[in-house]
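Participant: My questions will all concern the structure given below.
The values are calculated or read from the model by the stated rules, or taken from the named source; none is laboratory data. Keep in mind that what you see is a predicted model, and the values were worked out from it rather than measured. Cβ placement follows ideal geometry from the backbone for every residue including glycine, while neighbour counts extend to all protein chains displayed. Please note that ligands, DNA and RNA were not included when accessible areas were found on the heavy atoms of the full protein model with its side chains. Shrake-Rupley method; radii C 1.70, N 1.55, O 1.52, S 1.80 Å.
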Amino acid sequence: MPDTEDFAEWCRRLAASDREAYAEVFEALYEPLFRYVRSITKDESAARDVTQDVFVRLWDVRDRLDPSQSLKSYLYRTARNRAYNHRRNRDTRSEKADDVRAHSNARPAAPTPPDAAAAGDRLKQSMRTWIAELPDRQREALVLSRFEGLSHEQIAEVMDISARTVNNHIVRALKRLRARVHDHKPDLLPHDEQ
Amino acid sequence: MSSNSSPDIPPALRDRLRDEDAEGPTDLEAMWELLGAVDWPDESAPDPQAEWDALAARRPDVVPESDGDVGPPSSNGRPATERPAAERTASRRRSRRPAASPDRTARRRWTWAAAAVLALVVLGGWLWRQPVTVSARPGQQRTATLPDGSTVELNSGTTLTYRRRFQAWPLVDAGRRAVRLEGEAFFRVEEGGRPFVVETATAQVTVTGTRFNVRAHPGPDSTTRVTIAEGRVEVASRRAPTRSVTLDRRGQRTHIRGTRAAPSAPESADIDLALAWRQDGFGVSEQPLTTVLRELERRYDTPLRLHESVRRTTAPVSLYYPTPTDLSVILGDLCTALNLNYRPTSRGYEIFSAPDRR
């Protein structure tokens, strides 16, 4: 992930309609933004549309960017708003389907007992499932922090909450995941003394 | 190292997790680390180049169709369109996931190693430069031998500090043998090429080889008293070293009150009384009652309270016990002399005025 200074520099160049800077931002952030959007929309083609919109919009507002603010936060925030808009629109269209998803308390099946080589992959797979099952905000905060490398302050800007709340979301997410891991693979974490 | 070490746990989060479980690193922290094993994202993302092309088709004003030069920059600088799509994607993947790049990981590891070594060196130097401290707690006395063989006897409630081995840096002798004194100590200084200096809050006492007593308890009056037993010492103001006096006769003494004050003219004192503490005795010469009590508290590590019935007086008091003496005996004598009484309290003694006219 590029440094903060890179983003400030990109802001200045974008304001000067520098297309190369635009291409560099695209190159650096397309994938992470796409992943982030998809984690919200849960739909690949919607995520592509939304992510593309985000970049189109970036060009349209290029002369209004504030270099002192985080370009990265701006992009994630725009992506987030659009992704949620998209999801709301879709959900109202298909409320029934959504109801089933929201009210389902089914837990994922426990991974089958380890068999050496496949065990690691299975753990990763379970972990991804568990992350996907986290409540939206907890998952978002965790993913942005753990996998996308945003600082608490950036996440706070993106999610429009305080850095303290970001911390709370992440802690809760970790607790949930810990409970899942304890259920299925207790030996992966240090044991409690109690 | 794969992506599991990056990014590091944010400090705010780590603090919070430690708060959750004060016992130390928590299994929530372990959970954070464990997530590194998850290869995020799992599903394949669309090819950014294809998306870039789609963007170009949609907004030719943003991305000119002749995109040979203005495509997303490829990692080796060649125009992206000249390379086969597979190679392009592979190289771009590498450049986009810094943690997975072996070069960068190795470099980072070396940077960390270098930083760790540097930190150790700095820490070691810092530790080495920490002064050596010798102290006698209230109620205790002790004798210490200094790196040059000189000996110091510390009276109760005294702290002495000096540079390790009297060296400025490892293997480099400091220009002088300097000790810093808070409290009272008797020095027996070995002859040596370098001057031996005792620094107190207000004075510096310079000698070569001799025996002398320095008394410099910290406090509001911050007075340094020097009494010589043998040899010759020079006593100077700490901040104005030109103001100095020389003591060269047994029993001579001087004092300095305040950091810029000049030393008092040398006067004769009872050396046995000044050094009574070295025989576990006790001696004060013409001190106000409050000073005497403070001295006794320090010496016997016992709180002494002055009841409000006692009129504040500055009348000087002298006491001399050449041999070990119980505190109660001293208090008894003191009260008899001043027409006061004393009674034990939970931890020490209280001195009160004897009801007179009765």
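Participant: When the accessible area of the stretch B:156-219 is split by element with a 1.4 Å probe, what percent falls to carbon and sulfur?
Facilitator: 48
Participant: Let me ask something else. What is the list of residues in the stretch B:133-165 whose amide nitrogen lies under 14 Å from a point 7 angstrom out from the Cα of B:Asp301, following Cα to Cβ?
Facilitator: Those under the cut-off are B:135-142, B:155-158.
Participant: Tell me the trypsin sites (Lys or Arg not before Pro) within the stretch B:264-317 that lie in a loop according to DSSP and have at most 12 other beta-carbon atoms within 10 Å.
Facilitator: In loop regions of the stretch B:264-317 (DSSP not H, G, I, E or B), the sparsely surrounded trypsin sites (Lys or Arg not before Pro) are B:Arg311, B:Arg312.
Participant: Moving to a separate point now. Output the relative contact order of the stretch B:208-334, whole-number percent, from Cα pairs under 8 angstrom with separation of 6+ residues.
Facilitator: 18 percent.
Participant: Report the A-B buried area as the accessible area lost on both sides summed, probe 1.4 Å, in Å² to the nearest 100.
Facilitator: 4600
Participant: Looking at the square roots a ≥ b ≥ c of the eigenvalues of the Cα gyration tensor of the stretch B:306-358, which shape do they give, rounded for a/c under 1.5, prolate if a/b is larger than b/c, or oblate?
Facilitator: oblate
Participant: Between B:Val310 and residues 5 or more places away or on another chain, which pairs have amide H atoms under 5 Å apart, with H built 1.01 Å from N, and which residues are they?
Facilitator: Hits under the 5 Å cutoff: B:Ser353.
Participant: To continue, here is another question. Between B:Thr290 and B:Glu308, what length comes free when the chain is fully extended (0.36 nm per residue of separation minus the Cα-Cα distance, one decimal in nm)?
Facilitator: The B:Thr290-B:Glu308 span can extend by a further 5.2 nm.
Participant: Another question, then. Can you classify the stretch B:172-236 as rounded, prolate or oblate using the Cα gyration tensor, where a ≥ b ≥ c are the square roots of its eigenvalues, rounded means a/c under 1.5, and otherwise it's prolate if a/b beats b/c and oblate if not?
Facilitator: The shape class here is oblate.
Participant: Given a Förster distance of 25 Å, report the FRET efficiency between B:Asp248 and B:Arg278 from their Cβ-Cβ distance, rounded to the nearest 0.05.
Facilitator: Once the sixth-power term is evaluated, E becomes 0.75.
Participant: Also: Counting alpha carbon pairs within less than 8 Å and at least 6 residues apart, what relative contact order, in whole percent, applies to the stretch B:116-169?
Facilitator: The value is 37 percent.
Participant: What does the net charge come to around A:Glu153 if you take all other residues with beta carbon closer than 13 Å to its beta carbon, with K and R at +1 and D and E at -1?
Facilitator: Its environment carries a net charge of +1.
Participant: Within the set of other residues whose C-beta is less than 10 Å from the C-beta of A:Val50, count the net charge using Lys and Arg as +1 and Asp and Glu as -1.
Facilitator: So the surrounding residues net to +2.
Participant: With +1 on the Cβ of every Lys and Arg and -1 on the Cβ of every Asp and Glu, and nothing else charged, how large is the dipole of the stretch B:181-225 about its Cα centre, in debye rounded to the nearest 20?
Facilitator: 140
Participant: Now for a separate question. Find out how many positive minus negative residues lie around B:Arg225, taking Lys and Arg as positive, Asp and Glu as negative, among other residues whose Cβ is under 9 Å from that of B:Arg225.
Facilitator: +1
Participant: Let me ask you something else. Summarise the accessible area of the stretch B:250-319 (1.4 Å probe, protein heavy atoms) by the percent that is carbon and sulfur.
Facilitator: Taking all protein chains in place, the stretch B:250-319 shows 44 percent carbon and sulfur surface.
Participant: Rounding to the nearest 20 debye, state how big the charge dipole of the stretch A:36-75 is about its Cα centre with +1 on each Lys and Arg Cβ and -1 on each Asp and Glu Cβ.
Facilitator: 120
Participant: Please give the charge dipole size of the stretch B:216-261, origin at the Cα centre, charges +1 on K and R Cβ atoms and -1 on D and E Cβ atoms. Round to the nearest 20 debye.
Facilitator: 120
Participant: Under the Karplus relation 6.51 cos²θ - 1.76 cosθ + 1.60, θ = phi - 60°, what is the ordered set of whole-Hz ³J(HN,Hα) values for the stretch A:136-151, x standing for Gly and Pro?
Facilitator: 2, 5, 4, 4, 4, 4, 5, 5, 4, 7, 7, 9, 9, x, 7, 6
Participant: Right, here's the next one. Find how much the distance from B:Arg176 to B:Thr111 grows on full extension, using 0.36 nm per residue of separation minus their present alpha carbon separation; answer in nm with one decimal.
Facilitator: Extra length available between B:Arg176 and B:Thr111 comes to 19.3 nm.
Participant: Right, something else. Suppose R0 equals 51 Å; then what is the FRET efficiency for B:Thr159 and B:Ala57 from their Cβ-Cβ distance, rounded to the nearest 0.05?
Facilitator: Computed FRET efficiency for B:Thr159 and B:Ala57 comes out at 0.05.
Participant: Shifting gears a bit: Once a ≥ b ≥ c are taken as the square roots of the eigenvalues of the Cα gyration tensor of the stretch B:238-281, is the result rounded (a/c under 1.5), prolate (a/b larger than b/c) or oblate (a/b not larger than b/c)?
Facilitator: Verdict is prolate for the stretch B:238-281.
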